[in-house]
Amino acid sequence: MHLGLMLECEYRPDTGDAQAFSEAFSLAEHAERTGMDAVWLAERHFSSPERIALGTGGGVPSFASAPLILASALAKTTQRVRIGIAVSVLPLSHPVRLAEEVATLDHVSGGRLDFGIGRSGFATSYAGYGIDYGESRGRFNECLDILRLAWTQDSFSYEGEYFNYTDVSLVPKPLQRPYPPLRIAATTNDTFPVVGEMGMPIFIGLRGTDLDDNKRHLAIYRDAWHAAGHKGDGDVYLRIPVYVGDTAEAAYNDPLASTMQSYQRLAASYANSAEVSGATTSEERAARGVSLSHTGYDALLKNRLAYGTPEVVARRLADLRDDLGLTGFVVEPNVGGAIPRDKVLRSVQLFGEQVAPALR
């Protein structure tokens, strides 16, 4: 059972860049000390506090626009934990440049890199890069093809709709062979059968979707997985907000305001992104935005969060593991970015010392 810590790299209210970077590095070091298996870095673009307040850029103000650079620094301030990207937005990338940087990072980390990939549901990222969101799936597929070729072939050529290369030879090749473990973020209905057929490990989450959504999606993923002849039932990590308190009262109240603010902002972001998505995806995102805008804290606790004392959180996660057939959790420790820093560190400590052993 993989247990990782998600670093959204949040801005706290009334704090600047230096404090935000300092807290992210402190959390990563805390994760290593408390026995977590990995730290995972988000990729967020144009997610300033001002834009988030307007309902654009996602659910949390974040400075994580260059996760590979952050990961390289973390590789030198940690020794044991794996370092993951969750996720690299492939359609915004130059694939050969990305292949070079990921291979280099794999060496810098001593082969501790896990590479999560996805398309991102935040259309403002695409607008800022001057890329049509409608091209996201095609660009994603071509970029993934090119990454694999670059990492595994002495030289390669490629002809696509968006990218064309002739006789390219990538240096260096990754330390891990054939390349760092890949994992795809799956969030929309049409993604799950495609990824299942590919036989790829996935991330699922509990931000825009609830437990019932994920059960349905995983059934589709596993049906496609089995139909394609892959062994087993797939490899699934669940990203989930977790807050561990010393008392039930603290676990309920400490993260309440920050969590509710985050989900309300996320609802607005879904509504905005629905306007620029494709027809099917637009309807799906709009429905998620409406649903979240009418969801209260107790409903979130029931269907999207794991908050409580160590015993309660351990039982909750064990039930989810067994019910969904999970192989790992990626813990989001500070949903909304406004839970006091000392309380976040205490929650991570309690998770590492009391919750994690019960799940292994």
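Under the membrane-span-like helix rule (DSSP H runs whose alpha carbons stretch at least 18 Å along the helix axis, mean Kyte-Doolittle hydropathy 1.6 or higher), the chain yields none.
For the chain, rounded, prolate or oblate, judged on the Cα gyration tensor with a ≥ b ≥ c (square roots of eigenvalues), a/c < 1.5 rounded, else prolate if a/b > b/c? In terms of gyration-tensor shape, rounded. Charging the Cβ of each Asp and Glu at -1 and of each Lys and Arg at +1, and nothing else, the dipole of the range 145-223 about its Cα centre rounds to 440 debye. A helix-only calculation puts the chain at -14500 deg cm²/dmol for mean residue ellipticity at 222 nm, using -39500 (n - 2.57) for each DSSP H run of at least four residues, averaged over all residues. Here r is the Cβ-Cβ distance between SER22 and MET260 and R0 is 30 Å; the resulting FRET efficiency, rounded to 0.05, is 0.70. Between TYR252 and GLN153, the modelled labels are 6.0 nm apart [label points 7 Å from Cα along Cα→Cβ]. Full extension of the chain between ASN189 and ALA227 gives 11.9 nm of extra length, using 0.36 nm per residue less the Cα-Cα distance.
Rounded to the nearest 20 debye, the dipole size of the range 2-359 about its Cα centre is 400 debye, using +1 on the Cβ of Lys and Arg and -1 on the Cβ of Asp and Glu. Kindly provide the GluC sites (Glu not before Pro) of the range 115-224 that DSSP labels as loop, not H, G, I, E or B, and whose Cβ sees at most 14 other Cβ atoms within 10 Å. In loop regions of the range 115-224 (DSSP not H, G, I, E or B), the sparsely surrounded GluC sites (Glu not before Pro) are GLU161. The label-point distance for SER169 and LEU324, in a model that sets each label 7 Å from Cα toward Cβ, rounds to 4.6 nm.
Classify the range 164-279 from the C-alpha gyration tensor, please: rounded if a/c falls under 1.5, else prolate or oblate depending on whether a/b exceeds b/c.
Numbers: a/c = 1.70, a/b = 1.67, b/c = 1.02.
Prolate.
Projecting the Cα positions of PRO201, TYR221, THR188 onto the charge dipole of the range 169-231 (unit charges on Cβ atoms of Lys, Arg, Asp and Glu, taken about the Cα centre) puts PRO201 furthest along the positive direction. Separation of the range 72-147 from the range 301-360 is 26 Å, based on Cα centroids.
Since every read-out is calculated from the coordinates, none of them should be taken as a lab result. These numbers come from a predicted model, not from an experiment. All Cβ positions, even for glycine, are placed from backbone atoms using ideal geometry, and neighbour counts span all protein chains on display.
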